[in-house]
Amino acid sequence: MTFLYPAVIGVAVLVGAAAVAGYVVLQKRRAEALSQAGFAASQKSRLRQHLPYALLLAALPVMLVGLARPQAEVAVPRVAGTVLLAFDVSNSMSAADVAPSRLGAAQEAAKAFVTDQPDSVDVGVLVFGDQALLTQAPTDDHAAAIAAIGRVTPSGGTSLGQAILVALGTITGKPVALPQEGGAAPDLGYWPSATIVVFSDGEETGGPDVQAAAELAAAAGVRIQTVGVGTAKGATVEVDGFQLGTALDETLLTTVAQVTGGAYQQAGDAAALTDSTKSIDLRLTTEKEPLELTAPFAAVALLLLTLGGLLGVRWHGRIV
């Protein structure tokens, strides 16, 4: 327990000690005066004689301690940390097997997800095609994150591995790369309050090894949640004048999520995709916050005063 005004504690001790000493002296003088006047000592029990006054005297230092503004730190559970939304912007994400398109549906679901997050969650946005690019650094300004989501457009191939590495670099604050063959994995520290949410159709076209990147994330305590966008039936997209077939591939997305302790969510249409983001599990953390205890001390002081007064009236016919 800490006190905002610790000097008041000293005052409370001095005042309490002075009040008790004064009461003792007063009782001795009263007893001597009664004795000199020829009155017999009170036959009341010591408890009945002194308890009301003891309660009234105890209320004074308790009240002063309350004025010192006591505080205690309590662990408060909260959803907190950093969430990086990673959007697959490859050409296949323009497929319309999910209306208005895979990417469009992912954007709407992501915007709804951001809107539902408390201010204690910082949200960042990155896009990945052949390369990955952070378009919005993690921020508690959720309107800025939503605006960044709205600027996402499809083009190029898909490198989920590169997306994971860039996301880890954003979380840790330093560039992250896979180790050379036979080399030691980089020490990224431990970041259990960070989560990466990937929106993709799962069609990988190249880049760093995805599973190795996921293992780096797992070692750093970063969980990856994956959301599959598209349908198993698939659709066709036009790329450089060619019609290419594309379909949702859940295998890679499921593996990435499982390696990091996350979960894969599948959505076959826009409504289901929005619903799937509601089941994304963010970490529940605890954070110590100061809790002021002035009110409890004031309540105790008031209770002591009330009890002392009532007992004084009942047993002695007066409050003091």
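A search for C-beta distances below 6 Å between a residue of the range 200-224 that is in contact (Cβ under 8 Å) with a residue 60 or more places away in the chain and any residue that is among the charged types (D, E, K, R) and surrounded by fewer than 23 Cβ atoms within 10 Å (Cβ to Cβ), counting only pairs 6+ apart in sequence or on different chains, returns Glu203/Asp249.
The set of residues in the range 134-150 being surrounded by fewer than 17 Cβ atoms within 10 Å (Cβ to Cβ) and either closer than 16 Å to Thr195 by Cβ or hydrophobic (A, V, I, L, M, F, W, C) (or both) consists of Ala137, Thr139, Asp140, Ala143, Ala144, Ala147. Taking (1) closer than 30 Å to Leu4 by Cβ; (2) within 23 Å of the chain's Cα centre (by Cα) in turn, Pro70 satisfies each apart from (2). For the range 158-171, indicate whether the set of residues that are surrounded by fewer than 16 Cβ atoms within 10 Å (Cβ to Cβ) and not polar (S, T, N, Q) is non-empty. Among the residues of the range 158-171, not one is surrounded by fewer than 16 Cβ atoms within 10 Å (Cβ to Cβ) and not polar (S, T, N, Q), which makes the answer no.
Among residues of the range 107-126 that are farther than 20 Å from Val229 by Cα, those with a beta-carbon under 6 Å from a residue that is of a type in the set (Val, Ile, Thr) at least six positions away or on a different chain give the pairs Pro118/Val79; Val121/Val83; Asp122/Thr82; Asp122/Thr139; Val123/Val83; Val123/Val114. Take the residues in the range 244-275 that are closer than 20 Å to Pro100 by Cβ and charged (D, E, K, R), then tell me which one is modelled with the lowest pLDDT. Of everything passing the filter in the range 244-275, Asp269 is modelled with the lowest pLDDT.
Summed over the range 219-235, the residues that are modelled with pLDDT of 90 or more and in contact with a strand residue (DSSP E or B) (Cβ under 6 Å, 6 or more places away or on another chain) give a count of 8.
Considering the range 84-121, the residues that are assigned to a loop (DSSP other than H, G, I, E, B) and surrounded by 24 or more Cβ atoms within 10 Å (Cβ to Cβ) include one that is farthest from the chain's Cα centre (by Cα), namely Ala95.
The set of residues in the range 58-83 being buried (at least 18 other Cβ atoms within 10 Å of the Cβ) and β-branched (Val, Ile, Thr) consists of Val62, Val65, Thr82, Val83. Of everything in the range 209-252, what is buried (at least 17 other Cβ atoms within 10 Å of the Cβ), within 17 Å of Ser159 (Cβ to Cβ) and of a type in the set (S, T, N, Q)? Give them in sequence order. Selection gives Thr226, Thr246. Restricting Ala147, Ala54 to residues that are assigned to a helix (DSSP H, G or I), farther than 25 Å from Glu204 by Cα and at pLDDT 95 or above narrows the list to Ala147.
Only a single item in (1) within 19 Å of Ala167 (Cα to Cα); (2) buried (at least 24 other Cβ atoms within 10 Å of the Cβ) is not met by Gly129, and it is number (2).
The values are calculated or read from the model by the stated rules, or taken from the named source; none is laboratory data. A quick note: this is a predicted structure, and the numbers were derived from the prediction, not measured. Note: ideal-geometry Cβ built from the backbone for every residue, glycine included; neighbour counts use all protein chains shown.
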